[in-house]
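See below for the structure under consideration.
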Amino acid sequence: MNARALLSSYSPHFRPPNYSSDISLSKKAFGFPEFKHRVHYRLRLHTEQVCCVFGVFVRTSARTEFGKVYADVKSEPYDISESVPESVNFKDAVNDAVLSRGDDAASSLPWWEEFPKRWVIVILCFSAFLLCNMDRVNMSIAILPMSAEYNWNPATVGLIQSSFFWGYLLTQIAGGIWADKVGGKLVLGFGVVWWSIATALTPVAAKLGLPFLLVVRAFMGIGEGVAMPAMNNILSKWVPVSERSRSLALVYSGMYLGSVTGLAFSPFLIHQFGWPSVFYSFGSLGTVWFSLWLNKAYSSPLDDPQLRPDEKKLILASSVSNEPVKTIPWGLILSKPPVWALIVCHFCHNWGTFILLTWMPTYYNQVLKFNLTESGLFCVLPWLTMAFSANLGGWIADTLVSRGSSVTTVRKIMQTIGFLGPAFFLTQLTHIDSPALAVLCMACSQGTDAFSQSGLYSNHQDIAPRYAGVMLGLSNTAGVLAGVLGTAATGYILQHGSWDDVFKVSVGLYLVGTVVWNLFSTGEKIID
């Protein structure tokens, strides 16, 4: 039998009927004057003879706050194999009922409650990487007055710049294993606190002597070394594959905007308060981020008690197994050619990227004859370009995947742009005398480089989603080696050669990476 029944008509002075003590229903639950929207509920009650399904909905008037409560009632025969009490406790039935709110009710929520939680996680990771590069690039500006104060030669400057990578190298694989086993929330939180403390201690270490400064910079690298594997672990659990490129592009654009912020504010702070102020102010920001991270972030959607069911269903529909990783199949991982393509290409990519990250202000100062403030300001343009093009590339990549292009094809296209673009623009620097054109070439080189976020940087989750943290830690270890060798080698090359020689090495590695990537990479899952 199907019927519609009027359960109640009410006004602003409505008082609920005197239900029996077994029933406890609030005005808010039935959508009374607090809600000026249409609200739907479905209530299924099982009795000894029938199964009754009540489709309850409420209509209210926003102007008069009068409304009516209706119920669609459907009765069906219902067999049970066990006896039930003659009297059915209505309160127990209500407690066991499934209440599903309709879209009209959901639309009454504030926008910040409707905002997808997975993108809250992405934004928090973005802000962590913003701090990451703020704390990293401030040394590239502060090193100029520091080297003048302590009489450091270019080789010593290269040693100091590369010391960060000593610690950064140590925690890549360890951070990935740790994140895959205990969850990315704990690991990323630890990393931010650790590197923030090391940043704040940098001026003290410099005054104590060069060995102390090298140790503190290496300690800072230890904290930042776990960040990328931990982030990759978290996003592999929170972000569906259809949003993977965009989410990673946004997070990595945090690094680029962190470089912008660090390079823009460091000269101002140095002129106003001295170079130590850069490290004190930037290092203190980590405490603010950490308090938000503790309150809002979870390692997995399954851990979040406030995650809406519809979003959890969307995430888990395309997610990997949430069982904790107990052992890492190293033999299987290292036997796959696409894994080695990632490792080699990460090395080739990071050689050029880290040289520009650490030596760009010096290039502007020595070659283009910009002063300290101008060096910092002109360094901002390439990183702004990277932030824009990374998100553009992420949108293009996800759009291509959603329209049916294979993930393999998309990854190869994006990474080829990420290699050949910088190679082309760096070759043009050897023929340019104008500072403005040189800055433009740097911006175009970095801008095309950022397409790598939708290429090799997205590929870890493609080929081994369950071991995403370990995979990134493994390939980024090669990338960090490139940073250590490339940063130190640049100082050596500049003592015995020129900037043209520095750029030629980077271009050669970009070309090698292009060939390896297109021959051996894949976007298909190769490790369960």
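A single member of V192, V260, V215 is open to solvent by less than 10 Å² (accessible area, probe 1.4 Å) and in a helix (DSSP H, G or I), and it is V192. Flag set for S242, criterion: assigned to a helix (DSSP H, G or I), in contact with an Asp or Glu (Cβ under 7 Å, 6 or more places away or on another chain) and surrounded by fewer than 22 Cβ atoms within 10 Å (Cβ to Cβ). For the range 315-335, check the following and say yes or no: at least one residue is in a helix (DSSP H, G or I), farther than 25 Å from A179 by Cα and of a type outside the set (G, A, S). The answer is no, given that none of the residues of the range 315-335 is in a helix (DSSP H, G or I), farther than 25 Å from A179 by Cα and of a type outside the set (G, A, S).
Taking the criterion of being out of contact with any helix residue (DSSP H, G or I) (no Cβ under 9 Å at 6 or more places or on another chain), open to solvent by 10 Å² or more (accessible area, probe 1.4 Å), in a helix (DSSP H, G or I) and not basic (K, R), would at least one residue in the range 425-435 satisfy it? So far as the range 425-435 goes, no, none of its residues is out of contact with any helix residue (DSSP H, G or I) (no Cβ under 9 Å at 6 or more places or on another chain), open to solvent by 10 Å² or more (accessible area, probe 1.4 Å), in a helix (DSSP H, G or I) and not basic (K, R).
Among the residues making up the range 138-152, a single one is of a type in the set (S, T, Y) and open to solvent by 40 Å² or more (accessible area, probe 1.4 Å): Y150.
Scanning the range 150-201 for residues that are out of contact with any helix residue (DSSP H, G or I) (no Cβ under 7 Å at 6 or more places or on another chain) and small (G, A, S), we see that the one that is modelled with the lowest pLDDT is G183.
Taken as a whole, the structure places A468 among residues that are open to solvent by less than 10 Å² (accessible area, probe 1.4 Å) and assigned to a helix (DSSP H, G or I). I173 passes every criterion in (1) of a type in the set (A, V, I, L, M, F, W, C); (2) within 12 Å of M220 (Cα to Cα); (3) open to solvent by 10 Å² or more (accessible area, probe 1.4 Å) apart from (2). Just one of (1) assigned to a helix (DSSP H, G or I); (2) surrounded by fewer than 19 Cβ atoms within 10 Å (Cβ to Cβ); (3) free of Cβ contacts under 8 Å to residues at least 24 places away in the same chain; (4) not β-branched (V, I, T) fails for P305. It is (1).
The residue pairs whose first member lies in the range 276-300 and is farther than 27 Å from K207 by Cβ and among the aliphatic types (A, V, I, L, M), whose second member is at pLDDT 90 or above and surrounded by fewer than 17 Cβ atoms within 10 Å (Cβ to Cβ), and whose beta carbons are closer than 7 Å, counting only pairs six or more residues apart or on different chains, do not exist in this structure. Restricting the range 399-420 to residues that are of a type in the set (D, E, K, R) and under 25 Å from F347 (Cα atoms), the residue that is most open to solvent (accessible area, probe 1.4 Å) is K412.
None of L485, L474 is more than 20 Å from S247 (Cβ to Cβ) and under 19 Å from the mean Cα position of the chain (by Cα) except L474. Quick one: is A438 outside any loop (DSSP other than H, G, I, E, B), surrounded by 21 or more Cβ atoms within 10 Å (Cβ to Cβ) and of a type in the set (G, A, S)? The answer is no for A438.
Taking the criterion of being buried (at least 22 other Cβ atoms within 10 Å of the Cβ) and over 22 Å from L481 (Cα atoms), would at least one residue in the range 341-353 satisfy it? No, every residue in the range 341-353 fails to be buried (at least 22 other Cβ atoms within 10 Å of the Cβ) and over 22 Å from L481 (Cα atoms). The residue list G508, G486 contains one member that is modelled with pLDDT of 90 or more, in a helix (DSSP H, G or I) and small (G, A, S), which is G508.
Among the residues of the range 263-280, write down those that are open to solvent by 10 Å² or more (accessible area, probe 1.4 Å) and β-branched (V, I, T). Full working, then the answer.
At the first step, the residues of the range 263-280 found to be open to solvent by 10 Å² or more (accessible area, probe 1.4 Å) are 264-265, 268-277, 280.
Hit for the range 263-280 is I270, nothing else.
Within the set L472, L440, L481, the sole residue that is at pLDDT 85 or above and either within 26 Å of V182 (Cα to Cα) or polar (S, T, N, Q) (or both) turns out to be L472. The sole residue among I143, I160 that is under 25 Å from V204 (Cβ atoms), of a type in the set (V, I, T) and out of contact with any Leu (no Cβ under 9 Å at 6 or more places or on another chain) is I143.
The values are calculated or read from the model by the stated rules, or taken from the named source; none is laboratory data. On a predicted model such as this, the values are computed, not experimentally measured, just so you know. All Cβ positions, glycine included, derive from the backbone under ideal geometry; neighbour counts span all protein chains shown. Protein only, heavy atoms only, side chains kept; ligands, DNA and RNA dropped before computing areas. Shrake-Rupley method; radii C 1.70, N 1.55, O 1.52, S 1.80 Å.
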